[in-house]
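The next block holds one structure in the form of structure tokens; read it before the comments.
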Amino acid sequence: MGSAGKVVELNAGTKIPLVGLGTAAINQNPEEIKTAVATALEVGYRHFDTASLYRSECALGDALKEACLKGLVAREEFFVTTKLWSEDLDDPVSALRTSLKNLKLEYVDLYLIHWPLRLRKGSSFPIPKEEDFLPLDLESAWKGMEQCVHLGLTKAIGVSNFSCKKIGDLLSHAKISPAVNQVEMHPLWQQKKLRDYCSKVNIHVSAWSPLGGAPNAQGSNGVMDNPVIKEIAEKHGKTTAQVILRWGLEQGISVLPKSYNKGRIAQNFQVFDWSLTAEDHSKISRLEQKKANRGEEVVNSTTSPYKSVEELWDGEI
């Protein structure tokens, strides 16, 4: 399959590769990240997902710079996504400049608000304390994101972990529409309502943790261990991960699997020259749904803007 089938055009006009390498993990080794990125480039990946929170920007930047210096890839041939952490909502421009310095890039292709949440500098992670929460003003934060576009620091802007309602609220005042909503999505959390809504308002959906795990201890192996998916994989002679990622692509989304294993990095990219059947889709559509990352750590009854998990997701859980 040519490159045309491996990218989709965003509402900002830029093209996002449909399979990217995620770089969120616990206790990361910079050399491991650099090796994984080099492997991914060799395999054919051209999309790399990071965030200031992940602490992987520097290693990713080193790997991409080295590949460019070797003539293996040119800047315009790869797509980098990074994210604005909740401590930096007051000044997205400065935060992005810091990320660009870490990445050794003049611009990123996509910059996302990581969570609809505002925290004080130096907040506890992953569970903020009551005093860590600050009043949330997404309208002001989005103006800062739009300024990043005007300054040429990013080609497109978007959000992550936003519900339909939160996107609708954002669209009511946004001068630049979000290009992407990056969310948890996999066969056990299919997000059909959100996908349908985003399609209606021309926002691309991208899946973090598309294999069902999470970048921290909240994830599970429920998706990879699911007997229905294992059966489908065996029928096609594919890995379970390949079936899960192919399912995502056939929903019209992009997927960001994370692996530092050379063999799995290659396998996860081999999802473009085959398809699932209607029967496969029917079986997957009937799987019981359960969100892995519910966001309970950012909910409290006093200082958080969200007093319950249902409020955080606006009932979409």
Give me the pairs, please: first residue somewhere in the range 126-148 and at negative phi, second residue anywhere and assigned to a helix (DSSP H, G or I) and surrounded by fewer than 18 Cβ atoms within 10 Å (Cβ to Cβ), beta-carbon distance under 8 Å, and either six or more positions apart or on two chains. P126/E297; I127/E297; P128/E297; L138/D169; G144/V93; Q147/V93; C148/V93
List, please: which pairs have Cβ atoms under 6 Å, are six or more places apart or on different chains, and start with a residue in the range 89-103 that is under 19 Å from S160 (Cα atoms) and end with one that is of a type in the set (A, V, I, L, M) and open to solvent by 10 Å² or more (accessible area, probe 1.4 Å)? L96/L153
Do you know which of the residues in the range 60-110 that are surrounded by 14 or more Cβ atoms within 10 Å (Cβ to Cβ) and among the small types (G, A, S) is farthest from F48 (Cα to Cα)? S86
Of everything in the range 295-304, what is open to solvent by 30 Å² or more (accessible area, probe 1.4 Å), farther than 18 Å from P135 by Cβ and touching a helix residue (DSSP H, G or I) at 6+ places or on another chain (Cβ under 8 Å)? Give them in sequence order. E296
Failed condition for L41, given (1) in contact with a Leu (Cβ under 7 Å, 6 or more places away or on another chain); (2) closer than 23 Å to F162 by Cα; (3) open to solvent by 10 Å² or more (accessible area, probe 1.4 Å): (2)
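Yes/no matrix, rows are residues, columns are (1) touching a strand residue (DSSP E or B) at 6+ places or on another chain (Cβ under 7 Å); (2) in contact (Cβ under 8 Å) with a residue 24 or more places away in the chain:
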residue	(1), (2)
Y197	no, yes
S206	yes, yes
I253	yes, yes
G263	no, no
Q267	no, yes
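Conditions tested, residue by residue: (1) closer than 20 Å to G20 by Cβ; (2) modelled with pLDDT under 95; (3) open to solvent by less than 10 Å² (accessible area, probe 1.4 Å).
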residue: C164; (1), (2), (3): no, no, no
residue: H173; (1), (2), (3): no, no, no
residue: M185; (1), (2), (3): yes, no, yes
residue: R195; (1), (2), (3): yes, no, no
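Picking from A292, A207, which residue would you name as being closer than 30 Å to R118 by Cα and open to solvent by less than 10 Å² (accessible area, probe 1.4 Å)? It would help to see each step written out before you state the result.
Values: A292 fails: open to solvent by less than 10 Å² (accessible area, probe 1.4 Å).
After applying the criteria, what remains is A207.
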Hits in the range 25-38 (condition: surrounded by fewer than 20 Cβ atoms within 10 Å (Cβ to Cβ) and under 26 Å from W115 (Cα atoms)): A25, I26, N27, Q28, N29, P30
Could you tell me which numbered condition F162 fails, if it satisfies all but one of (1) in contact (Cβ under 8 Å) with a residue 40 or more places away in the chain; (2) farther than 23 Å from K307 by Cβ; (3) within 18 Å of the chain's Cα centre (by Cα)? (2)
When residues of the range 74-126 are filtered for being touching a helix residue (DSSP H, G or I) at 6+ places or on another chain (Cβ under 6 Å) and hydrophobic (A, V, I, L, M, F, W, C), how many remain? 10
Residues Q270, Q251: which one is open to solvent by less than 60 Å² (accessible area, probe 1.4 Å) and either under 17 Å from the mean Cα position of the chain (by Cα) or modelled with pLDDT of 95 or more (or both)? Q251
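The values are calculated or read from the model by the stated rules, or taken from the named source; none is laboratory data. Predicted model, so just to flag it, every value in this text is computed and none were measured. Positions of Cβ are backbone-derived with ideal geometry, glycine not excepted, and every protein chain shown enters the neighbour counts. For the accessible areas, the whole protein counts, side chains as well, though only heavy atoms, and no ligand, DNA or RNA atoms are used. Shrake-Rupley method; radii C 1.70, N 1.55, O 1.52, S 1.80 Å.
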